[in-house]
Amino acid sequence: MTFDTLEIKDFKGIQSLTVEGLKKINFIVGKNNSGKSSLLDAMYLIAKQGDPRSIIEIFEIRQSWVRKGEDLKFLFPKGNVQKYADVIALEGEKSWGVRLEAYNGDVNGGHLIGLENIDLEIDGVKLLVEKSTKKESLLRKGDKGFSGQSKSSISVRQHNDTTYFNQKTPFEFQFNDTQKGLLVNYVPSSPTYQNLLSGTKDVVQKRKKSELVAVLNEIEPLVEDIEILGEEIGIGLKGWEEIAPLKTMGEGFVKLFGLVVAMLNAKDGICLIDEIENGLHYSVLEKIWKHVIHVANELNVQLFITTHNIEILESFINSVEDNEQLKQTKKETTLNRILFHPEKGHLAQSYSFEEIQKQIELGNELRGR
């Protein structure tokens, strides 16, 4: 499956944004705070299809944590919880939608367990989900009488055990009505080692280790095995008696490792990559692109990639242009530049592969101005 249109309304810093003509590989560019990361967050919520844990996860991906219910207001423009946020993706004639609504203690006429004596501005977020074969989504119309709606929610409640306060947050989360969505993986701009370890464990558990080794072997021919050693990722190298810790490998190798792991865990789904340039040297970009494109095609993964780096775009163009096997990629690539207009709000300018190539040759600024 491939989403071709994304619509965002009153979500985080975006009041309204429509991005059309999405392809298999989608570059997202723009100034800082233009809404690029919010677009990735919206895609994540859509793919999760109402799983309330997705709300907590998009905070954790950015190494931020919900410390009280009030923190959830930042999911809404300027913290205005009187509005609801809609994120909608279209796949041909199909519509996938998620609506977020804030609530304060009152669910189905009763109070949330554990929140009776806690004074919070909002206690949680309710998610209303719509998956329709009709392109015209009810969410889009602002109609609250959903057809075949699913409800899920996240509530925040204070933990009575004082030892809990030594952890990242003094609150625990209660999840209701988890929904099944698409496979999705989110690679943050600064992924933690724990992110990488968790993803690698999933690859091993799904018995996809040989596929990971095969791709890594193209970058480093000595690689012949991957091992999980407790809380450490180990790399088996030809001619080495001992397993080498992943942390001892080069930054480019570790970056490719993380990208391939993310795509292997998102087969037939979507992979969201924030600021792909982090940790990559320009000299390895073209080689890495060829592997990323190949793996995405093999696994049928739709990519959404944000970047601030013109070398990322140049190397991508060059890697496709110089490889006859990747010529189909030209038709499957688009770049969307997110702009903010004082009167019109957020806008998206779309460029095809040929248009990206032409703008780079002319020396024009593509990343936002």
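FYI, it's all coordinate maths here, none of it is from the lab. It should be emphasised that the depicted structure is a prediction, and the values quoted were computed from it without experimental measurement. Cβ atoms come from the backbone with ideal geometry, glycine included; neighbour counts cover every protein chain shown.
Tabulated data for the structure shown
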quantity	calculated
12 Å reach of a label modelled at Thr2, 7 Å along Cα-to-Cβ, counting backbone N of region 12-32	21-26
Packing-based ranking, highest mean first, of 220-226, 40-46 given that Cβ atoms within 10 Å are counted	40-46, 220-226
Within straight-line cross-link reach of Lys134, aspartates and glutamates at Cα separation under 12 Å, skipping those fewer than 8 residues along the same chain	Glu91, Glu93
Label-point separation, Asp268 to Asp225 (7 Å along Cα→Cβ), nm	3.2
Flagged links, alpha-carbon separation over 28 Å, of Lys24/Lys287; Lys94/Lys209; Lys12/Lys94	Lys94/Lys209
Cross-link table Lys330/Lys358; Lys131/Lys208; Lys208/Lys331; Lys23/Lys206; Lys31/Lys78, entries beyond 21 Å C-alpha to C-alpha	Lys131/Lys208; Lys208/Lys331; Lys23/Lys206
Order by protection proxy (mean Cβ within 10 Å, highest first), peptides 243-249, 347-353	347-353, 243-249
Region 216-369, Cα convex hull volume normalised per residue, Å³	143
Two-decimal ratio, the chain, of alpha-carbon radius of gyration to 2.2 N^0.38 Å	1.04
Fraction of the pair-distance distribution of region 199-241 above 15 Å, Cα-Cα pairs, percent	39
Förster radius 22 Å - calculated FRET efficiency between Trp65 and Lys94 (Cβ-Cβ, nearest 0.05)	0.05
Axial C-alpha extent at least 15 Å, average Kyte-Doolittle at least 0.0 - helices from the chain (DSSP)	36-48, 209-219, 251-264, 285-299, 310-321
Peptide ranges 260-273, 314-327 listed from the most packed, as the mean C-beta count within 10 angstrom indicates	260-273, 314-327
Taking the C-alpha atoms of region 220-285, convex hull volume expressed per residue in Å³	116
Among Lys24, Lys290, Lys48: highest mean-square fluctuation, GNM of the chain, C-alpha pairs under 10 Å	Lys290
